[in-house]
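The values are calculated or read from the model by the stated rules, or taken from the named source; none is laboratory data. On a predicted model such as this, the values are computed, not experimentally measured, just so you know. Cβ: placed from backbone, ideal geometry, glycine included. Neighbour counts: every protein chain shown. Just the protein is used for accessible areas: all its heavy atoms, side chains included, with ligands, DNA and RNA removed. Shrake-Rupley method; radii C 1.70, N 1.55, O 1.52, S 1.80 Å.
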Amino acid sequence: MPGSLEPLDLGVHIPYHFRCPISLELMRDPVTVCTGQTYDRASIESWVGTGNTTCPVTRAALTDFTLIPNHTLRRLIQEWCVANRAFGVERIPTPKQPADPALVRSLLNQTSSHSAPTHVRLSSIRRLRQLARDSDKNRSLIASHNIRQILLPIVFNSPGELSHDSLALLVLFPLGESECASVASDSEKVKYLSSLLTHNSFDVRVNSAALIEIVVAGTHSPELRAEVSNVDEIYNGVVDLLRNPISHPRALKIGIKALFALCLVKQTRHKAVAAAAPEALIDRLADFEKCDAERALATVELLCRIPAGCAAFAGHALTVPMLVKIILKISDRATEYAAGALLSLCSESERCQREAVAAGVLTQLLLLVQSDCTERAKRKAQMLLKLLRDSWPQDSIGNSDDFACSQVVVVPF
């Protein structure tokens, strides 16, 4: 066997025996199977998980699916990473071993035991949370033991830390529709979650918003979703999360997920406007990561569909310039939502039309209608072009080397 494979762009060769035979990538968590071959844990678990029962290299049957960590090889790989850091190679972290099923069962028994001392239950919950955050495999193992049914009563029926720590663990797992409905239909539970949004602990506030988002998004009944989103304190608490410093990225992520889920309920969108959601969204729009920026822009478009929301966004000096700038910058979805929001704003305000033209929306829209963006985004752009036709500067197209008036085709919608 050769001592190394093809060179990377980094200008460094990865030794052959450091590469996983399945993925051909540098192994991060090497494990040995019963045939004596070593693979990266994620790759061999995926191989076995798709129904394969043979060793990928030897083709011999895997009579035992136990994966034994190859600590010696992992240390050699780490030493190699350190030796080649001048080439941009980062040291792989020491992997955390999967949770022992027996340990998980023991922790769950202690958590659910009403006779166990509070400090023992708290310790078990915190240990379970640590394990759940370590890996998806651990979360799957914990979830398989009905963790949600154990935690929900503790969250809503236990005092202080026991409730708060159970909440922090619960939000790491998705809830079923019936579980979401049971929370949404209980006004006392909704009231309790809304009260936690003003708790002194920032983590408790974020976790409360996270569970509210899970419940609203997971409830199929429009009536139940409306009942949750009709609580004023919920909108105020969620919007407040968006105003926190950028040093709390999880708060931004949870905050925009919760706000988007709440704003999908049409009849309560005015409460988001009353809670100053438009101002918070525009102020933080540049701070969101791609997926969260898409949610934020979708929320902007939703709120622009009601008069109060349209007026609030129009009153913010940065709304129109920022929406124009976003077109074709983040993603197709973001472009579609930004174009939709601009269409709503410009349909209601001539001042917004002038601001959009001054910000260069004409060029952006012309590029959009000729791009590979979604058809819905193109239709919105064409409608906006038609709306802004009387606001175009006389020389805006005639002097352009790239476009001519005849190239703009506005189709009815």
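When D232 is tested against the conditions (1) under 21 Å from L172 (Cβ atoms); (2) among the charged types (D, E, K, R); (3) open to solvent by 70 Å² or more (accessible area, probe 1.4 Å), the lone failure is (1).
Every condition in (1) open to solvent by less than 30 Å² (accessible area, probe 1.4 Å); (2) of a type in the set (A, V, I, L, M, F, W, C); (3) within 18 Å of V204 (Cα to Cα) holds for A116 except the one numbered (3).
Candidates L302, L328, L297: the one that is in a helix (DSSP H, G or I), open to solvent by 10 Å² or more (accessible area, probe 1.4 Å), within 29 Å of K378 (Cβ to Cβ) and not hydroxyl-bearing (S, T, Y) is L302. Does G176 satisfy the condition of being under 22 Å from I142 (Cβ atoms), touching a Gly at 6+ places or on another chain (Cβ under 9 Å) and surrounded by fewer than 15 Cβ atoms within 10 Å (Cβ to Cβ)? Answer is yes for this residue. Applying a threshold of 9 Å to beta carbon distances and a minimum spacing of six or more residues, or different chains, the list of pairs starting in the stretch 202-220 at a residue that is farther than 11 Å from L241 by Cβ and touching a residue at least 60 places away in the same chain (Cβ under 8 Å) and ending at one that is assigned to a helix (DSSP H, G or I) and not β-branched (V, I, T) is empty. Tallying residues that are part of a helix (DSSP H, G or I), under 24 Å from P30 (Cα atoms) and among the small types (G, A, S) within the stretch 92-117 yields 1.
Residues are listed down the side, and each one gets a yes or a no for (1) among the charged types (D, E, K, R); (2) closer than 20 Å to L388 by Cβ; (3) touching a residue at least 12 places away in the same chain (Cβ under 8 Å):
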residue: V300; (1), (2), (3): no, yes, yes
residue: I306; (1), (2), (3): no, no, yes
residue: T319; (1), (2), (3): no, yes, yes
residue: L323; (1), (2), (3): no, yes, yes
residue: L328; (1), (2), (3): no, yes, yes
residue: L342; (1), (2), (3): no, yes, yes
residue: S349; (1), (2), (3): no, yes, yes
residue: A358; (1), (2), (3): no, yes, no
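With respect to the conditions (1) touching a Lys or Arg at 6+ places or on another chain (Cβ under 9 Å); (2) under 30 Å from D232 (Cα atoms); (3) surrounded by 16 or more Cβ atoms within 10 Å (Cβ to Cβ), A359 falls short on a single one, namely (2).
Among the residues of the stretch 121-133, is there at least one that is polar (S, T, N, Q), without any contact (Cβ under 8 Å) to a residue 40 or more places away in the chain, surrounded by fewer than 17 Cβ atoms within 10 Å (Cβ to Cβ) and farther than 30 Å from I14 by Cα? Yes, some residue in the stretch 121-133 is polar (S, T, N, Q), without any contact (Cβ under 8 Å) to a residue 40 or more places away in the chain, surrounded by fewer than 17 Cβ atoms within 10 Å (Cβ to Cβ) and farther than 30 Å from I14 by Cα. Of all residues in the stretch 38-52, those that are surrounded by 15 or more Cβ atoms within 10 Å (Cβ to Cβ) and either assigned to a loop (DSSP other than H, G, I, E, B) or of a type in the set (S, T, N, Q) (or both) total 2.
This table checks each residue for (1) modelled with pLDDT of 90 or more; (2) surrounded by fewer than 23 Cβ atoms within 10 Å (Cβ to Cβ); (3) aliphatic (A, V, I, L, M).
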{"residue": "G315", "(1), (2), (3)": "yes, yes, no"}
{"residue": "P321", "(1), (2), (3)": "yes, yes, no"}
{"residue": "A334", "(1), (2), (3)": "yes, no, yes"}
{"residue": "L342", "(1), (2), (3)": "yes, no, yes"}
{"residue": "L345", "(1), (2), (3)": "yes, no, yes"}
{"residue": "E348", "(1), (2), (3)": "no, yes, no"}
{"residue": "C373", "(1), (2), (3)": "no, yes, no"}
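Of all helices (runs of 4 or more DSSP H) completely enclosed by the stretch 158-200, which ones contain at least 1 residues that are under 14 Å from S229 (Cα atoms)? Steps first, answer last, please.
On the way: elements: 160-170, 177-184, 187-196.
So the answer is 177-184, 187-196.
A quick yes/no check of all residues on (1) of a type outside the set (A, V, I, L, M); (2) free of Cβ contacts under 8 Å to residues at least 40 places away in the same chain:
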| position | (1), (2) |
| --- | --- |
| M27 | no, no |
| R41 | yes, no |
| T54 | yes, yes |
| T66 | yes, yes |
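Could you list all residues from the stretch 53-87 that are more than 21 Å from S135 (Cα to Cα), assigned to a loop (DSSP other than H, G, I, E, B) and open to solvent by 50 Å² or more (accessible area, probe 1.4 Å)? Scanning the stretch 53-87 gives T53, V57, T58, R59, T63, D64. For the stretch 1-21, filtered to residues that are in contact with a Ser or Thr (Cβ under 7 Å, 6 or more places away or on another chain) and open to solvent by 60 Å² or more (accessible area, probe 1.4 Å), the residue that is modelled with the lowest pLDDT is H13. Residues that are open to solvent by less than 30 Å² (accessible area, probe 1.4 Å), within 28 Å of S135 (Cβ to Cβ) and small (G, A, S) were ranked within the stretch 179-209; the one that is nearest to the chain's Cα centre (by Cα) is A209.
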